[in-house]
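First the structure, in the form of structure tokens, and then the observations on it.
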Amino acid sequence: MHRAGELTAVWVPDEAHEAVRDLVRARERAHDALKKARQQLQSFLLRHGRIYPGRTPWTRTHFRWLAAQSFTHPAHHIVLAEYIQAIEDAAVREDRLTKQVAEVTVSWAMAPVVEAYQAMRGIAFIAAVTFVVEIGDIRRFETAPQLMAYLGLVPSESSTGERVKRGGITKAGNRRARRVLIEGAWTYRYPARVSQAIQARLDGLPRSVREIAWKAQIRLCARYRRLITTGKLKTVAVAAIAREMAAFLWAIGQEVSPTAQA
């Protein structure tokens, strides 16, 4: 089969790549633990009819409101204090791991690729480094459609004979990389613009990368509006945007190369 060219090459991450991937996944689990702790506190308060009147939760104002809550039974004060302490501990752990990811990425061979991906709207540092650790060198995909299929963002199909039936996305491949694209795709609901945060990430990047990122904004923002206008559900439109985001990330990956290993 090898002589006939029927074997497909498989990318194997090196030790450094696996180490960074483990660190990023540890940070992701810490983030999930923080969300779970917050959900437990909100459920406890909701059972007792305590609803925060402010607009933004988990701020200093919100925590002052939590500290001012009063219950008739002493056990409820203990429960509230434990839930708040669990949230604070989880937040500290997430921040600590986020800083470690930032420090390790600086000397990583894929650091230039991580920086280049952040030119895309909806792809900040954590999303970029998560995508890179899960996908690796994107140049191993010969075409953008191959990457889309690998991420499970292409429509499923159940056809026979002359009947053609397509369903939702396949959800095959790496779910973490697909998740960051889906989350980032929601930002294209708004008109195309270069915010202050994106402008800071564009500094020092090659001109070709900046042009691809701006082209992506123009196309994807307009495409989201067209899909919504035609009656598509928001979730369906976002999945379509995420699929095209993968194509633009593939294009950026052709312009930037990892640094040589020492």
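The values are calculated or read from the model by the stated rules, or taken from the named source; none is laboratory data. Keep in mind it's a predicted model, so treat the numbers as computed, not measured. So basically every Cβ, Gly included, is an ideal-geometry build from the backbone, and we count neighbours across all protein chains shown. Keep in mind that these areas ignore ligands, DNA and RNA; they rest on the heavy atoms of the full protein, side chains included. Shrake-Rupley method; radii C 1.70, N 1.55, O 1.52, S 1.80 Å.
Side notes on the structure shown:
- Comparison of Arg176, Arg226 shows that the only residue that is more than 16 Å from Phe131 (Cα to Cα) and modelled with pLDDT of 95 or more is Arg226.
- Search result, residues across region 95-104 that are in contact (Cβ under 8 Å) with a residue 40 or more places away in the chain and under 17 Å from the mean Cα position of the chain (by Cα): Leu97, Thr98, Val101
- Check on Gly136, crowded, with 18+ Cβ neighbours inside 10 Å, touching a residue at least 40 places away in the same chain (Cβ under 8 Å) and in contact with a Gly (Cβ under 6 Å, 6 or more places away or on another chain): no
- Scanning region 196-227 for residues that are open to solvent by less than 30 Å² (accessible area, probe 1.4 Å) and among the polar types (S, T, N, Q) yields a total of 1.
- The set of residues in region 44-56 that are free of Cβ contacts under 8 Å to residues at least 12 places away in the same chain and either closer than 24 Å to His31 by Cβ or open to solvent by less than 70 Å² (accessible area, probe 1.4 Å) (or both) comprises Leu46, Gly49, Gly54, Arg55, Thr56.
- Residue within region 235-249 that is in a loop (DSSP other than H, G, I, E, B), open to solvent by less than 90 Å² (accessible area, probe 1.4 Å) and more than 30 Å from Val106 (Cα to Cα) present: no
- Ala127 being open to solvent by 30 Å² or more (accessible area, probe 1.4 Å) and either out of contact with any strand residue (DSSP E or B) (no Cβ under 8 Å at 6 or more places or on another chain) or in contact (Cβ under 8 Å) with a residue 24 or more places away in the chain (or both): no
- The number of residues in region 67-99 being closer than 16 Å to Arg25 by Cα and open to solvent by 80 Å² or more (accessible area, probe 1.4 Å) comes to 4.
- Test for Val113: is it closer than 16 Å to Arg201 by Cβ and of a type in the set (Val, Ile, Thr): yes
- Scanning region 7-17 for residues that are more than 20 Å from Phe125 (Cβ to Cβ) and assigned to a helix (DSSP H, G or I) yields one hit, Glu15.
- Boolean, Arg3 is within 23 Å of Val132 (Cβ to Cβ) and either open to solvent by 50 Å² or more (accessible area, probe 1.4 Å) or β-branched (Val, Ile, Thr) (or both): no
- Of Ala242, Ala177, Ala200, all but one fail to be more than 23 Å from Gln146 (Cα to Cα) and either under 17 Å from the mean Cα position of the chain (by Cα) or not hydroxyl-bearing (Ser, Thr, Tyr) (or both); the exception is Ala200.
- Positions within region 26-43 being open to solvent by less than 60 Å² (accessible area, probe 1.4 Å) and without any contact (Cβ under 8 Å) to a residue 12 or more places away in the chain, in sequence order: Ser43
- Any hit, region 23-30, residues being assigned to a helix (DSSP H, G or I), more than 24 Å from Arg93 (Cα to Cα) and among the hydrophobic types (A, V, I, L, M, F, W, C): no
- Scanning region 34-59 for residues that are hydroxyl-bearing (Ser, Thr, Tyr) and part of a helix (DSSP H, G or I) yields one hit, Ser43.
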